[in-house]
Amino acid sequence: MHTVVTTTPRPAKLIDMVGATLRMIDPNVAFTAVRASRGKVVRAEPLAATYQQGRVHHIGTVRQLQDQMTNFTSDIDRAAAGYSPDRVDALVWAFSELLVEPMKGERIFELYRRNAEAAEQRDKPQASQTTWAIGAMEWLAEQKKSR
């Protein structure tokens, strides 16, 4: 598991404290502190495209995230909405980390995916085709149809 912590103009000390706390629990934790250099909408555009392509699916119900995703538009007024889309922002950071950087060992996962796809095709029931004996009435009827 990889932990990504975002920071806005909050003090860098806060992010350092979060990193130190995580490393106290697990010294080998994969941790990245990130700072936003672009707005939320600009950062969300590439991820929105992957959703439109049908490449991202959620399992289960995440109501608050789904509500924020539904209401997140380029002209969102956080003051009028009464909240900042923090869950969407966290989702964007997490998926950016997962989708943009090549994953170590991704080729083996692609091999497994292709093997599973081939096995699924192989295990599908094939339409059976009846073969009639030459000279049978059914065989003669098929011969007439094919002419």
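Values quoted throughout were computed directly from the atomic coordinates according to the rules given, and no laboratory measurement underlies them. All values reported here derive from a predicted model rather than from experimental measurement. As a convention, Cβ positions derive from the backbone with ideal geometry for all residues, glycine included, and neighbour counts pool all protein chains shown.
Between the beta carbons of Arg38 and Gln129, assuming R0 = 41 Å, the FRET efficiency works out to 0.10 to the nearest 0.05. Rounded to the nearest 20, the Cβ-based charge dipole of region 39-107 about its Cα centre (Lys and Arg +1, Asp and Glu -1) stands at 200 debye.
Between Glu45 and Thr61, the simple label model (points 7 Å from Cα in the Cβ direction) yields a spacing of 3.5 nm. The calculated pair-distance distribution of the chain uses every alpha carbon pair, bins of 5 angstrom beginning at 0, and gives 2, 6, 11, 13, 13, 12, 9, 6, 4, 4, 3, 3, 4, 3, 3, 2, 1, 0 percent. Taking the C-alpha atoms only, the angle from helix 12-25 to the longest principal axis of the chain is near 60 degrees. Spin-label pair Gln53-Leu98: with each label point 7 Å from Cα along the Cα-Cβ axis, the two points sit 1.5 nm from one another. Full extension of the segment from Ala80 to Arg107, taken as 0.36 nm per residue of separation minus the current Cα-Cα distance, would add 5.1 nm. Computed from Cα atoms, the angle from the helix 86-100 axis to the main principal axis of the chain rounds to 60 degrees. For a straight C-alpha distance cut-off of 14 angstrom, the aspartates and glutamates reachable from Lys40 (same-chain residues fewer than eight places away being disregarded) are Asp75, Asp77, Asp86, Asp89.
Taking a straight line from the alpha carbon of Lys124, not one of the aspartates and glutamates sits under 16 Å away once near neighbours fewer than eight places off in the same chain are left out. Among Gly135, Gly54, Gly39, the residue with the largest mean-square fluctuation in a Gaussian network model of the chain, with springs joining Cα atoms closer than 10 Å, is Gly135.
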